[in-house]
Amino acid sequence: MSLPDYSEHDGLGLAALVAKGEVTPAELVDAAAERIERHNGTLNAVVWSALDEARALAKGPLPDGPFKGVPFLIKDLGMPVAGWQNSYGSRFARNVTDEKDGGLTARYRSSGVIPIGRTNTPEYGITGTTEGGHLGPCRNPWNPDHIAGGSSGGSASAVAAGIVPLAHASDGLGSIRIPAACCGLVGLKVTRDRNPNLPDGFDYAAGFVVDHVVSRTVRDSAAMLDVTGVPEPGSPYPAPPKARPYMEEIEQSPGRLRIAWSGETPSGRPIHPEVQAALERTAALLKGLGHDVVEKGLGIDYRRLYTVRGPLSGANFAAGMQRLIERIGREPEPDELEPLTWAALKGGRKVTGAQALYAMQELRIMNRQTLGFFEDWDVYLCPVLGTPVPAIGHMDPNVLEPAEVNRRQGAVFPFTAPFNFSGQPSISLPLEADSAGLPIGMMFTARYADEATLFRLSAQLEKEAPWKSRRPQLWG
């Protein structure tokens, strides 16, 4: 395969070439390495290299999965990989090394991918922009002056630039969908516990966080979830089973769906005019495809919802940090955590058990309102961001006061979090772009455990409003 051809294929496409003997896994690893060398100096997407290990793995044998021989990147945030650093994007954890693979890492390997390194993430995945003090800012291939989103910004930047066709990502308040929207990718937040957290997933106790991938095609997302989204033995919270493989779902018509859409925000302030116009065009597209499309907001009490979840998130973060502190064997020094992280840790440590459990109870009650909306609607459409993709520095947690970081994040990322609280599947699709050529992601959310509807609709939109031919400034 010539070098320019590598980035033109998605993951399944590369695996098909391997299966036909037209290219070897080793050649694919070398192609990914060339692109890291070419683009990473600008993007800072890949922060830890395992290319020597990957070249050894490429000699085989490899698992006979759908992505056999395809290079793959893993986010530097808590996903254990044997012998790899796991810094959580933090100076405090910079010397942490994993002794063995985590359960989900093993499932990724079973798909046939070859892990080649770790991707950039903000400290402990706290912000929606990847601009950590330890790993440095990650930049957007569409315009390096702009953010790649967070907290899976490194993965999204690498996939968008054609370094790998898909990469691991995780989402606790929007951290798959936000970078997918910023970088023009497909980003699915799966149903709570659809991808099992397995024994090492202590940080997932509150139920907000899920793992999956960012990809350039819908089918890569579906194929990977078919591999990883299998209930673990003894799981206390298995997601309801799927009816059939998601790779079969993307071949099916979505039928006539009842789709509500809105640009309502928690603050009540309107979203940016370009984002609003893109939302209206998307609603018109859906109507033109035969769906029943009505402008209607969720109507939930956003302010109350965010206020209620605060003590639970704070206590959960403090508990996760306590485990990391025990692992490292000491408390962090003053310069080993960023200001926003210190604020989160100190605040979380002040939460009482009664406050945390009350918040959990109240959140469970409030989630019924969100979930109840979907008794009448198959899909809810809104944007992922409320503004165009911000510039680097606009939300920099190392420069701004924590309160100002959070205020700006609230304006830029007003839409994603409620579906982490309710546990529903929600996907960002790269359907639009602004006047500067930066992507605008549209978010589609379905009923609890109904990834099937999202995959069918996403496949329809990928066909009717294709994004495959769009290319960022830094590509291939």
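The values are calculated or read from the model by the stated rules, or taken from the named source; none is laboratory data. Predicted model only: the values in this text are computed from it and were never measured. Don't worry about glycine lacking a Cβ; one is built from the backbone with ideal geometry, like all the others, and counts go over all protein chains shown.
You will find that of A277, A284, A344, A318, the residue that is modelled with pLDDT of 95 or more and exposed (fewer than 13 other Cβ atoms within 10 Å of the Cβ) is A284 and no other. Could you tell me whether I271 is touching a residue at least 60 places away in the same chain (Cβ under 8 Å) and in a strand (DSSP E or B)? No. Counting only helices (runs of 4 or more DSSP H) that fall entirely inside the range 363-476 and contain at least 3 residues that are among the charged types (D, E, K, R) and either farther than 25 Å from G162 by Cβ or over 20 Å from the mean Cα position of the chain (by Cα) (or both), the qualifying elements are 402-412, 451-464.
Is it true that E232 is part of a helix (DSSP H, G or I) and surrounded by fewer than 22 Cβ atoms within 10 Å (Cβ to Cβ)? So E232 does not fit the description; no. What are the residues in the range 244-255 that are under 11 Å from T453 (Cβ atoms) and of a type in the set (G, A, S), if any? Within the range 244-255, G255 is the sole residue that qualifies.
Of all residues in the range 5-25, those satisfying the criterion of being in contact (Cβ under 8 Å) with a residue 60 or more places away in the chain and either crowded, with 20+ Cβ neighbours inside 10 Å or among the basic types (K, R) (or both) are Y6, S7, H9, D10, G11, L12, L14, A15, P25. Among all positions in the range 62-73, there is at least one residue which is at pLDDT 95 or above, in contact with a helix residue (DSSP H, G or I) (Cβ under 7 Å, 6 or more places away or on another chain), farther than 29 Å from W467 by Cβ and not acidic (D, E). None of D171, D193, D200 is of a type in the set (D, E) and modelled with pLDDT of 95 or more except D171. Of everything in the range 26-62 that is β-branched (V, I, T) and assigned to a helix (DSSP H, G or I), the residue that is surrounded by the fewest Cβ atoms within 10 Å (Cβ to Cβ) is T42. Looking at the range 81-186, the helices (runs of 4 or more DSSP H) lying wholly inside it that each contain 1 or more residues that are surrounded by fewer than 24 Cβ atoms within 10 Å (Cβ to Cβ) sit at 103-110.
Note on the range 241-263: among residues that are in contact (Cβ under 8 Å) with a residue 40 or more places away in the chain and of a type in the set (D, E), the one that is nearest to N195 (Cα to Cα) is E249. G78: in a loop (DSSP other than H, G, I, E, B), at positive phi, in contact with a Leu (Cβ under 6 Å, 6 or more places away or on another chain) and not hydrophobic (A, V, I, L, M, F, W, C), yes or no? So G78 fails the test. Please go through the range 338-359 and give me each residue that is under 17 Å from N406 (Cα atoms) and either out of contact with any helix residue (DSSP H, G or I) (no Cβ under 7 Å at 6 or more places or on another chain) or not in a loop (DSSP other than H, G, I, E, B) (or both), ordered by number. Once the filter is applied, which keeps residues that are under 17 Å from N406 (Cα atoms) and either out of contact with any helix residue (DSSP H, G or I) (no Cβ under 7 Å at 6 or more places or on another chain) or not in a loop (DSSP other than H, G, I, E, B) (or both), the range 338-359 yields P339, L340, T341, W342, A343, A344, L345, K346, G347, G348.
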